[in-house]
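Asker: Pasting in a structure now, in structure tokens, and then I'll have a few things to ask.
The values are calculated or read from the model by the stated rules, or taken from the named source; none is laboratory data. As the structure is a prediction and not an experimental result, all values here were calculated from the model. Here the Cβ positions follow ideal geometry from the backbone for every residue, glycine too, while neighbour counts run over all protein chains shown. Side chains are part of the model used for accessible areas, which takes the heavy atoms of the whole protein and leaves out ligands, DNA and RNA. Shrake-Rupley method; radii C 1.70, N 1.55, O 1.52, S 1.80 Å.
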Amino acid sequence: MALLQDKVALITGGSRGIGASIVSRFAQAGAQVAFTYHSSKEKADALAQAVSAEHGVTVKAYQSDAASFSAAEELAKQVLEDFGTIDVLVNNAGITRDNLILRMNEEQWDQVMDNNLKSVFNLTKQVVRPMMKSRAGSIINVSSIVGITGNAGQSNYAASKAGIIGFSKSIAKELGSRNVRCNVIAPGFIATDMTDELDEKTRDAYLSNIPLRRFGEGTEIADACVFLASDMSSYISGQVLSVCGALNC
Ligand code: NAP
């Protein structure tokens, strides 16, 4: 049987990058997939159609701002109406607003906190009741290696990603007795639009520090998510899985 057969997954930020790979890999593993985007409607609709046609499962895109609590409430209601349940939640949506602390302004700090950390609270709040009721569920939160190591010029981003780790470990402790698991994936440098923003010098400096000597692929993060979503990881909760080419070891 396919690893995610009969499971319904909700994935945030699925229109591009790592999220799009998660959508595709989850569908390949047999899941029915609901995913969100912020502004890339055409990309999201095209992805939903292509992945659904390729794997013969339902894949549906929803416009929803991950930073908004009320939008998360509406989204979860709609997904539950459309799919009947939510077995897996992947909080993947995230942004960067990099700057050195001397130049970082309040807006850059607040935007990153709202999009990366509050977003994880927003949707976790919505799925907790249905998951507790069905006494099963897997929540996967996408942090970053930078949330573990810190990174100059990314104090806002690193703080948001470190916050995700503390939040997830707490949720794992709160909901373990109801068989709801919560884990974190900490990607290293993955080739997406987010890393395309880096200048060549910075990219080369990062590359020379990665023992596997390459950036990761979105599919390599997605495969780790499939594992944590599936019953193969039924006794794993409250953990941080670094997928980083040995950058953090
Ligand atoms: P990306 O290519 O920039 O894609 C970001 C995705 O998030 C897009 O689908 C975007 O939707 C969505 N999104 C952004 N803000 C949103 C919001 N407020 N509401 C709903 N959706 C929103 O990013 P990525 O590189 O794939 O990163 C995905 C996750 O992995 C992020 O949490 C990031 O921090 C983390 N990560 C990435 C790397 C890396 O090297 N790439 C490393 C460590 C961690 P639209 O298309 O509509 O804008």
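Asker: Taking segment 81-102 only, how many residues are open to solvent by less than 30 Å² (accessible area, probe 1.4 Å) and in a strand (DSSP E or B)?
Answerer: 4
Asker: Quick check: is even one residue across segment 131-138 open to solvent by 10 Å² or more (accessible area, probe 1.4 Å) and in contact (Cβ under 8 Å) with a residue 60 or more places away in the chain?
Answerer: The answer is no; no qualifying residue exists.
Asker: Can you name the condition, by its number, that Val23 falls short on among (1) within 12 Å of the chain's Cα centre (by Cα); (2) closer than 17 Å to Met194 by Cα?
Answerer: (2)
Asker: Counting residues that are in contact (Cβ under 8 Å) with a residue 60 or more places away in the chain, which helices (runs of 4 or more DSSP H) fully inside segment 172-240 reach at least 2?
Answerer: 193-196, 218-229
Asker: Go through segment 1-76 and tell me which strands (runs of 3 or more DSSP E), entirely inside it, have 2 or more residues that are open to solvent by 60 Å² or more (accessible area, probe 1.4 Å).
Answerer: 59-63
Asker: Only one of Ser155, Ser170 is surrounded by 16 or more Cβ atoms within 10 Å (Cβ to Cβ) and of a type in the set (Ser, Thr, Tyr); which? Give the steps one after another, and end with the answer.
Answerer: On the way: Ser170 fails: surrounded by 16 or more Cβ atoms within 10 Å (Cβ to Cβ).
Exactly one residue qualifies, and that residue is Ser155.
Asker: Here's a check for you: in segment 182-196, which residue that is farther than 13 Å from Leu241 by Cα and within 15 Å of the chain's Cα centre (by Cα) is surrounded by the fewest Cβ atoms within 10 Å (Cβ to Cβ)?
Answerer: So, considering only residues that are farther than 13 Å from Leu241 by Cα and within 15 Å of the chain's Cα centre (by Cα), the one surrounded by the fewest Cβ atoms within 10 Å (Cβ to Cβ) is Met194.
Asker: Output the number of the condition that Leu123 fails; it satisfies all remaining conditions of (1) open to solvent by 70 Å² or more (accessible area, probe 1.4 Å); (2) within 12 Å of the ligand (Cβ to nearest atom); (3) not in a loop (DSSP other than H, G, I, E, B).
Answerer: For Leu123, the failing item is (1).
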